Structure formats: C-alpha cells, structure tokens
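Notes to accompany the following structure.
The values are calculated or read from the model by the stated rules, or taken from the named source; none is laboratory data. Predicted model, so just to flag it, every value in this text is computed and none were measured. A quick note on method: Cβ atoms are made from the backbone with ideal geometry, for glycine too, and the neighbour counts reach across all protein chains shown. Protein only, heavy atoms only, side chains kept; ligands, DNA and RNA dropped before computing areas. Shrake-Rupley method; radii C 1.70, N 1.55, O 1.52, S 1.80 Å.
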Amino acid sequence: MGRLGHLGILRRLYGNIVIPEGVLEEVAGDAERPGATEVKNGVDEGWIIVRKVGVPPILNRAGAVGVDGEVLALAKRDALPLLTNDRVLAALARAQGVTVKWLTQAVIEAVAQRMLSGSEARALLRDLVRSGLRVRSEVLAEVVHLIDRSATAAK
C-alpha cells in the first residue's frame, strides 16, 4: 500500500505499524522508490516504529532470510500479526505460530469500518494488482464479493 500512497489506511486500521530496520532500509533507502517518502514520514511522525531484530538461525534454515527473515523474527518475538501477501512468508509465519493477515483482508476491514467505500476499495485493489500484487483470480473474486458485502453492511 505504501507504493500507492495508502499507508494512512493501515495507520487508521491498526494504529502504529512496527517494521524491522531492513524494511526501512529497503523501502526508504532509495528516495525514488514508490512509498519511500510515505514510510519515512511515518517514521518521523512516530506511527511507524522501527525495531532492530536479528534473524535466528532456525528461521534462516526454514527459508526466512533477509528482510523476510527480519519481518518474521520481529512478528514472532513481539507477538505481532504479520501483514503480507507473500504465500511463502505466510506459510513460514504460520509454521512459527505467527498470526498472518493478508493485505486484502486489510482492504475489506477498511470498508467494514467505513474508512473506504466499496468503490474506493475496488479501485485500491485494482491499483494494488496493477502495481504487482499477485492474487489468484478466484481469490480476487472472493475479495471483491467481501468488499461489496462489507460495503452493504456498513450502510
């Protein structure tokens, strides 16, 4: 959502967002990268909290390396839910007892909490897919259905 300028939705949904140093370096290290300014501003404003975390060897052996390893280690260490749309990372997280929340779930929640209208959520979902979010067609159809149902219930 950051590369589309919609991190504010996550802030409104969840309050503070906690990320490892590696995510900050990866996203905000290149000022030209989409979302870099929004992440840096969130850190400066204090609602994106950056934590130092080491990746335990057991996570490396399980395949959680680099920034993915940091994200998983942080979620596990601090008992935080992991927001992702990476199936491999989600599977690794679940195997470690970490609660996984799909990015598409956050969009549905934003509709249910009246932060987005159904049409705004569908447009955001379309933009996410266009920017590289990979979602199977049957999952995408179900997400659109849940957006529409949440929008109707929110009225």
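What the table below lists for this structure:
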{"item": "Flag if R94 is out of contact with any strand residue (DSSP E or B) (no Cβ under 7 Å at 6 or more places or on another chain), at negative phi and not in a strand (DSSP E or B)", "result": "no"}
{"item": "Selected residue [more than 17 Å from the chain's Cα centre (by Cα) and over 15 Å from I19 (Cα atoms)] from L124, L92, L59", "result": "L59"}
{"item": "Residue check, N16 closer than 24 Å to L128 by Cα, in contact with a strand residue (DSSP E or B) (Cβ under 7 Å, 6 or more places away or on another chain), open to solvent by 40 Å² or more (accessible area, probe 1.4 Å) and not β-branched (V, I, T)", "result": "yes"}
{"item": "Residue that is modelled with the lowest pLDDT, among those in segment 79-91 that are open to solvent by 30 Å² or more (accessible area, probe 1.4 Å) and either in contact with a strand residue (DSSP E or B) (Cβ under 7 Å, 6 or more places away or on another chain) or under 28 Å from A141 (Cβ atoms) (or both)", "result": "N85"}
{"item": "Residue in segment 111-129 that is open to solvent by 40 Å² or more (accessible area, probe 1.4 Å), in a helix (DSSP H, G or I) and among the acidic types (D, E) present", "result": "yes"}
{"item": "I19 vs. criteria modelled with pLDDT of 95 or more, farther than 23 Å from V143 by Cβ and of a type outside the set (K, R)", "result": "yes"}
{"item": "Top-ranked residue in segment 37-72 [being in contact with a Gly (Cβ under 7 Å, 6 or more places away or on another chain) and more than 16 Å from L24 (Cβ to Cβ); ranked as least open to solvent (accessible area, probe 1.4 Å)]", "result": "L59"}
{"item": "Condition broken by L103, with the remaining ones in (1) of a type in the set (A, V, I, L, M, F, W, C); (2) open to solvent by less than 30 Å² (accessible area, probe 1.4 Å); (3) more than 30 Å from I58 (Cβ to Cβ) satisfied", "result": "(3)"}
{"item": "Boolean, L92 is closer than 26 Å to V129 by Cβ and of a type in the set (A, V, I, L, M, F, W, C)", "result": "yes"}
